[in-house]
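Notes for the one structure printed next.
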């Protein structure tokens with residue numbers, strides 16, 4: 001296994017997933033929900049956010065798959081931030097829409113910032129492979145996390161966004177899927193059903209960082 005890549009990937013993953021969850025909690029807090037703050041989750045300290053499956057088991061499995069089966073991307077997730085929409089001021093469904101959008105929106109913003117920093121380093125002639133590889137991974141993983149979380153399967157953010165636009169009776173049906181949601185997501189991952197997410201993220205990644213940077217960072 002390429003341990004250097006593995007260490008960079010895990011570090012970049014933590015950089016991407018922690019702000020994603022903090023953004024959910026912060027928007028909920030601004031809407032009147034103190035739950036995340038009371039749970040100590042409005043912090044960039046990774047320890048309260050780590051999830052046994054999403055932060056450890058899945059990334060390790062994907063690193064092994066990368067080594068032996070050529071799986072292209074290592075990704076994962078953090079422990080979901082607790083949100084109680086009944087604290088929200090105003091329409092709680094609209095509140096959940098904004099909370100759900102906050103995570104992917106933060107990742108898109110991070111991808112853009114990391115891409116700009118990387119392009120700046122390349123333009124300045126600072127072509128050390130490790131910093132560029134790390135930034136390129138932050139761009140890629142931020143895009144993967146943003147797109148992955150927009151998949152409309154509970155408990156992913158896409159289901160909260162979709163719920164806002166559904167009739168009430170359909171919202172209840174979607175909520176019933178939540179206990180099985182992560183099994184559905186893992187099954188889609190294993191059978192290649194999320195391939196479009198990785199393909200689109202890869203295309204956007206290439207557009208953001210540019211061929212020269214990709215070559216310098218050693219990722220293609």
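The values are calculated or read from the model by the stated rules, or taken from the named source; none is laboratory data. Here the structure is a predicted model, which means the values were calculated and not measured. Every residue, glycine among them, receives a Cβ derived from its backbone with ideal geometry; neighbour counts consider all protein chains shown.
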Scan the stretch 121-151 for residues that are assigned to a loop (DSSP other than H, G, I, E, B), over 14 Å from residue 218 (Cβ atoms) and either modelled with pLDDT under 90 or more than 11 Å from the chain's Cα centre (by Cα) (or both) and report the count. 4
Among (1) assigned to a helix (DSSP H, G or I); (2) under 25 Å from residue 198 (Cα atoms), the one test that residue 25 misses: (2)
Would you mind stating whether residue 34 is touching a helix residue (DSSP H, G or I) at 6+ places or on another chain (Cβ under 9 Å), exposed (fewer than 14 other Cβ atoms within 10 Å of the Cβ) and at pLDDT 95 or above? yes
Flag if residue 117 is under 30 Å from residue 8 (Cβ atoms) and surrounded by fewer than 16 Cβ atoms within 10 Å (Cβ to Cβ): yes
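Mind listing just one residue for me: the one in the stretch 183-220 that is free of Cβ contacts under 8 Å to residues at least 40 places away in the same chain and touching a helix residue (DSSP H, G or I) at 6+ places or on another chain (Cβ under 8 Å) and, of those, surrounded by the most Cβ atoms within 10 Å (Cβ to Cβ)?
Within the stretch 183-220, the match that is surrounded by the most Cβ atoms within 10 Å (Cβ to Cβ) is 206.
Can you tell me which residue in the stretch 44-85 is surrounded by the fewest Cβ atoms within 10 Å (Cβ to Cβ), limited to those that are farther than 28 Å from residue 194 by Cβ and modelled with pLDDT under 95?
Residue satisfying both the conditions and the ranking: 47.
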Is it the case that residue 110 is more than 12 Å from the chain's Cα centre (by Cα), in a helix (DSSP H, G or I) and at pLDDT 90 or above? no
Identify, please: which residue in the stretch 158-170 is free of Cβ contacts under 8 Å to residues at least 60 places away in the same chain and within 18 Å of residue 95 (Cβ to Cβ) and is, among those, surrounded by the most Cβ atoms within 10 Å (Cβ to Cβ)? 159
